[in-house]
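Okay, structure first, notes after.
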Amino acid sequence: MNKRTLGVTLVIAMVASLFLVAGLYAGTKPKDEFQMNAPYKHKKSLVTFTHKKHVTDYKIGCGECHHNDKGEPLKNLKEGDNVQQCIECHKKPGELKGKKAEGLSDKEKLAYQANAVHENCKGCHQEHNKKAAKGAEKAPTKCKDCHPKK
């Protein structure tokens with residue numbers, strides 16, 4: 001077997017392994033608390049997400065975060081259902097903003113994983129804060145609130 005064939009075989013095996021692991025992970029009960037992650041280097045610390053806080057304490061349905069390709073909430077989702085991770089649809093690594101994002105459509109920006117996550121989480125947090133009663137706990141909206149220093 002030559003080097004090229006070996007290299008192609010290894011790449012195919014690695015990709016197949018990633019799909020297998022993603023499939024196994026997606027079909028499991030969600031962990032109460034986990035670090036949101038994607039297979040690329042992050043500039044800031046990873047966000048720790050708590051299902052219990054959002055679902056039980058705040059009464060947010062699964063479909064509010066997990067949505068279809070039109071951004072509409074997935075209806076009738078319940079704990080333990082198979083859901084895709086953000087990176088499966090928002091495939092471009094990292095975040096695109098500032099001058100680099102100028103002139104791009106929302107759809108083009110949301111192809112970037114971090115843009116999609118920030119839009120989903122931060123947008124919901126901002127909406128919550130607008131509706132929150134005076135003196136009520138505010139949802140975090142600043143980078144350092146979700147991405148503590150390493």
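The values are calculated or read from the model by the stated rules, or taken from the named source; none is laboratory data. What you are looking at is a predicted structure, and each value in this text was computed from that prediction instead of being measured. Don't worry about glycine lacking a Cβ; one is built from the backbone with ideal geometry, like all the others, and counts go over all protein chains shown. With ligands, DNA and RNA removed, areas are computed over all heavy atoms of the protein, side chains included. Shrake-Rupley method; radii C 1.70, N 1.55, O 1.52, S 1.80 Å.
Within the range 53-71, the set of residues being over 16 Å from Asp32 (Cα atoms) and modelled with pLDDT under 90 comprises Gly63, Glu64, Asn68, Asp69, Lys70, Gly71. Just so you know, in the range 38-49 the residues that are under 13 Å from the mean Cα position of the chain (by Cα) and surrounded by 12 or more Cβ atoms within 10 Å (Cβ to Cβ) include one that is farthest from His125 (Cα to Cα), and it is Ala38.
Check whether at least one residue in the range 51-67 is within 11 Å of the chain's Cα centre (by Cα) and open to solvent by less than 40 Å² (accessible area, probe 1.4 Å), and report yes or no. Within the range 51-67, none of the residues are within 11 Å of the chain's Cα centre (by Cα) and open to solvent by less than 40 Å² (accessible area, probe 1.4 Å).
Pick from Pro93, Pro148: which is over 25 Å from Asp32 (Cα atoms), touching a residue at least 40 places away in the same chain (Cβ under 8 Å) and of a type outside the set (Phe, Trp, Tyr)?
Details: Pro148 fails: over 25 Å from Asp32 (Cα atoms).
From the options Pro93, Pro148, the qualifying one is Pro93.
Residues in the range 101-112 that are loosely packed, with under 11 Cβ neighbours inside 10 Å and either in contact with a Ser or Thr (Cβ under 8 Å, 6 or more places away or on another chain) or part of a loop (DSSP other than H, G, I, E, B) (or both): Glu102, Gly103, Ser105.
Residue under question is Glu108, and the condition is that it be within 14 Å of the chain's Cα centre (by Cα) and either more than 18 Å from Met36 (Cβ to Cβ) or modelled with pLDDT of 90 or more (or both); does it hold? The answer is no for Glu108.
Taking the range 113-142 as the range and being in a loop (DSSP other than H, G, I, E, B), over 24 Å from Leu96 (Cβ atoms) and open to solvent by 50 Å² or more (accessible area, probe 1.4 Å) as the test, the residues that pass are Ala133, Lys134, Gly135, Glu137, Lys138. Restricting attention to the range 72-100, the residues that are within 20 Å of His54 (Cβ to Cβ), part of a loop (DSSP other than H, G, I, E, B) and open to solvent by less than 50 Å² (accessible area, probe 1.4 Å) add up to 5. Within the set Met1, Met14, the sole residue that is farther than 24 Å from Cys124 by Cβ, assigned to a helix (DSSP H, G or I), modelled with pLDDT under 90 and open to solvent by 80 Å² or more (accessible area, probe 1.4 Å) turns out to be Met14.
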